[in-house]
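Presented below is the structure to which this report refers.
The values are calculated or read from the model by the stated rules, or taken from the named source; none is laboratory data. What you are looking at is a predicted structure, and each value in this text was computed from that prediction instead of being measured. So basically every Cβ, Gly included, is an ideal-geometry build from the backbone, and we count neighbours across all protein chains shown. Surface accessibility is based on the protein's heavy atoms, side chains included, excluding ligands, DNA and RNA. Shrake-Rupley method; radii C 1.70, N 1.55, O 1.52, S 1.80 Å.
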Amino acid sequence: MPDSGRSIARIAIFAALIVVLGMVTIPLPGGVPITAQTLGVMLAGTVLGPRRAPLAVLLVLVLAAIGLPVLAGGRGGLGVFVGPTAGYLLGWIAGVVVIGLMTRSAGITWGRTASAVVVGGILVVYLFGIPVQALVLGIDLAPAALSTAVFVPGDLLKAAAATVLTLALSRAYPPAFGDSPRIERATTDARTAA
């Protein structure tokens, strides 16, 4: 399969993963449910990198915009882009770019991957999500930020899972990371050292 076909397939696979992980949700007051969907976003960032991961997220968001039930709890349609979760959805795009840049800068390691998924997958997403949630719900930033505290433990668990899965995949199947010679070199160096 040519490189462009392989890239498209990888983008589609991660878009599907993001959708599937959003099917199990726990609804909460405030309109933002707990879901595993952000684990898929974090994994897209670590595996696809800063160029392809945003395309996987954009594919999911386009499918949602045309009305397909691809977001947490089977939501879709243009209404999700004006609701309390709109900022978080936009934050996914910026978040995967940050994750991809941080993990691709010098190869995948435990510390770099964990930092990347926490910074990009949690902090960046919250920086987009909290202000939009406050605006849509008509509340101040402080109460909106406080309402997100319930998500932090789960997001940290998802960040840990994304880190473990990324490291396992980088060791077991480096070609999954595509055209990143640093990842293949780091994986080869780790195997040689072991």
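If you go through the stretch 119-138, how many residues are open to solvent by 70 Å² or more (accessible area, probe 1.4 Å) and either free of Cβ contacts under 8 Å to residues at least 60 places away in the same chain or not in a helix (DSSP H, G or I) (or both)? Write out each step before concluding.
Of all residues in the stretch 119-138, those open to solvent by 70 Å² or more (accessible area, probe 1.4 Å) come to 123, 127-128, 135, 137.
Then keep just the ones that are either free of Cβ contacts under 8 Å to residues at least 60 places away in the same chain or not in a helix (DSSP H, G or I) (or both); that gives 123, 127-128, 135.
Residues that pass the stated criteria total 4.
Of all residues in the stretch 139-153 being of a type in the set (Val, Ile, Thr) and assigned to a helix (DSSP H, G or I), which is least open to solvent (accessible area, probe 1.4 Å)? Step through it out loud before you land on a result.
Kept after step one, since they are of a type in the set (Val, Ile, Thr), are these residues of the stretch 139-153: 139, 148, 150, 152.
Add one more test, that the residue is assigned to a helix (DSSP H, G or I), and what stays is 148, 150, 152.
Details: Thr148: 6, Val150: 79, Val152: 56 Å².
Result: Thr148.
Hey, among Gly111, Gly154, Gly107, which residue is out of contact with any helix residue (DSSP H, G or I) (no Cβ under 8 Å at 6 or more places or on another chain), over 22 Å from Val57 (Cα atoms) and among the small types (Gly, Ala, Ser)?
The conditions single out Gly111.
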